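Enquirer: Input: one structure, supplied below.
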Amino acid sequence: MDAPTPIDLDTWPRRQHFEHYRRSVPCTYAMTVELDVTAFTAALRRSRRKSYIAQVWALSTVVNRHDEFRMCLTDSGEPAVWPVVHPAFTVFNPERETFACVWAPHDADFGAFHDVAAPLLAEHGRATDFFPQGELPANAFDVSSLPWASFTGFDLAIGNGWDHLAPIFTLGRYTERDGRVLLPLAVQVHHAAADGFHSARLVNELQALLSDPSWLEESPQT
C-alpha cells in the first residue's frame, strides 16, 4: 500500500477551512439525493453483472477522481491524500440478520473489479465475522446498502469520529416514478475534508456515469 502524500499547507486553498472544521467547529454533514438510474438498470437487465457491485464501482470511480475524498490524517494530525482508496461494502447474512464488511481493490476497469468483488458476496454471504477478510486497509472508504427500503433522508450520528475523513455512502432501494427509476444515495462527509461544492460535484459526476452505462457492456469473450 502506497503511503499518503501530505498536503502542502502553505499553498492549499482550503487550509483555513480544514483548520476551522477540524479544530474550531468539528462537524460532519450528510446529503441525500435521488439518482436517475433508468439507463443504468436497463443496461443491467442485459448484463450478467451484479447491480450492487456496479453501484460500488461507480462510487469508487468518482471518489478516486478527487483528492478531497481520498483524505486522511498523518500520525501528527496533518492532512494527507492517499494515491488510491478502495471500497469496503456490506454483505447481508439473511439467516443471522447481520452483515459482514468486505473490501475489494479499486480497479479502473469495471470488468476486472467485478471479477474480484462479485465472488466476495458469494463467499461471505453467510459470514459470522464482521470483517471476514481481517482488518480493513487504512485507505478504505465505506459503502452500505439498504435494499429493503427507499429513503429521502439518512444521517449517521458518528461519535468522536473527528479523525475519520473518508466519505461514507448509503444506498437505498430502487423506486419508480413517472417512468423513471430512482436510487436514493446518502453521502456522509467530514466538513474538514470537503465542502458542499465538492459533494455536489461528486454526485453530479456519479449521475453522469450512471446515465451513460456503456462501461457495463461485456466483451464477446466474457
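The values are calculated or read from the model by the stated rules, or taken from the named source; none is laboratory data. These numbers come from a predicted model, not from an experiment. FYI the Cβ positions are ideal-geometry reconstructions off the backbone, even for glycines, and counts take in every protein chain you see. With ligands, DNA and RNA removed, areas are computed over all heavy atoms of the protein, side chains included. Shrake-Rupley method; radii C 1.70, N 1.55, O 1.52, S 1.80 Å.
Enquirer: Helix-derived [θ] at 222 nm for the chain: sum -39500 (n - 2.57) over DSSP H runs of at least 4, divide by residue count, nearest 500?
Expert: Details: 5 runs with 56 residues, N = 222.
After summing the helix terms and dividing by residue count, I get -7500 deg cm²/dmol.
Enquirer: Same structure again: Find the accessible area per residue for segment 102-222; the probe is 1.4 Å, ligands and nucleic acids are left out, and the unit is Å².
Expert: Numbers: 6190 Å² over 121 residues.
Per residue, segment 102-222 has 51 Å² of solvent-accessible surface.
Enquirer: Considering only 13, 87, 137, give the residue with the highest GNM mean-square fluctuation for the chain, with springs between Cα atoms whenever their separation is below 10 Å.
Expert: Maximum among the listed residues: 13.
Enquirer: Here's something else I'd like to know. First compute the accessible area of segment 47-178 with a 1.4 Å probe, then give the percent of it belonging to carbon and sulfur atoms.
Expert: Result for segment 47-178: 50 percent of the exposed heavy-atom area is carbon or sulfur.
Enquirer: Which of the chymotrypsin sites (Phe, Trp or Tyr not before Pro) found in segment 121-222 are loop residues per DSSP with 10 or fewer other Cβ atoms within 10 Å of their Cβ?
Expert: Of the chymotrypsin sites (Phe, Trp or Tyr not before Pro), the ones in loops of segment 121-222 whose Cβ has at most 10 other Cβ atoms within 10 Å are 130, 148.
Enquirer: Rounded to the nearest 10 Å², what accessible area does residue 190 show when all protein chains are kept and the probe is 1.4 Å?
Expert: 0 Å²
Enquirer: Using +1 at the C-beta of Lys and Arg and -1 at the C-beta of Asp and Glu, which of 193, 209, 164 has the Cα lying farthest in the positive direction of the dipole of the chain?
Expert: Sorting the options by dipole projection puts first 209.
Enquirer: Once R0 is set to 41 Å, what does the formula 1/(1 + (r/R0)^6) return for the Cβ-Cβ distance between residue 175 and residue 20, expressed as a FRET efficiency to the nearest 0.05?
Expert: Working: r = 38 Å, r/R0 = 0.92.
Result of the calculation: an efficiency of 0.60.
Enquirer: Taking K and R as +1 and D and E as -1, what net charge do the other residues with C-beta under 12 Å from the C-beta of residue 89 add up to? Can you show the working numbers first?
Expert: On the way: positive: 50; negative: 142.
Charge balance near residue 89 sits at 0.
Enquirer: Okay, moving on. Under a Cβ-only charge scheme (Lys and Arg +1, Asp and Glu -1), can you give me the dipole magnitude of segment 17-101 about the Cα centre, in debye to the nearest 20? Walk me through the numbers on the way to the answer.
Expert: On the way: 10 positive and 9 negative charges, 110 e Å.
Using only the charged Cβ atoms, the result is roughly 540 debye.
Enquirer: While we're on this one: Which FRET efficiency value, to the nearest 0.05, is calculated for residue 46 and residue 116 with the Förster distance at 22 angstrom and r the Cβ-Cβ distance? Before the final figure, lay out each step's value.
Expert: On the way: r = 22 Å, r/R0 = 1.01.
It comes out at approximately 0.50.
Enquirer: Could you pull out the GluC sites (Glu not before Pro) across segment 1-104 that fall in loop regions by DSSP (anything but H, G, I, E, B) with no more than 10 other Cβ atoms inside 10 Å? Before the final figure, lay out each step's value.
Expert: Details: sites: 19, 34, 68, 95, 97; in loops: 95, 97.
Passing sites in segment 1-104 are 95, 97.
Enquirer: Okay, next question. So what is the relative contact order of the chain, in percent, for Cα pairs below 8 Å that sit 6 or more residues apart? Could you put the intermediate results ahead of the total?
Expert: Numbers: 380 pairs, mean separation 68.6, N = 222.
It comes to 31 percent, rounded to a whole number.
Enquirer: Considering only DSSP beta bridges with both partners in the chain, what is the antiparallel share in %, to the nearest 5?
Expert: Working: 27 of 35 bridges.
Of all bridge pairs located within the chain, approximately 75 percent are antiparallel.
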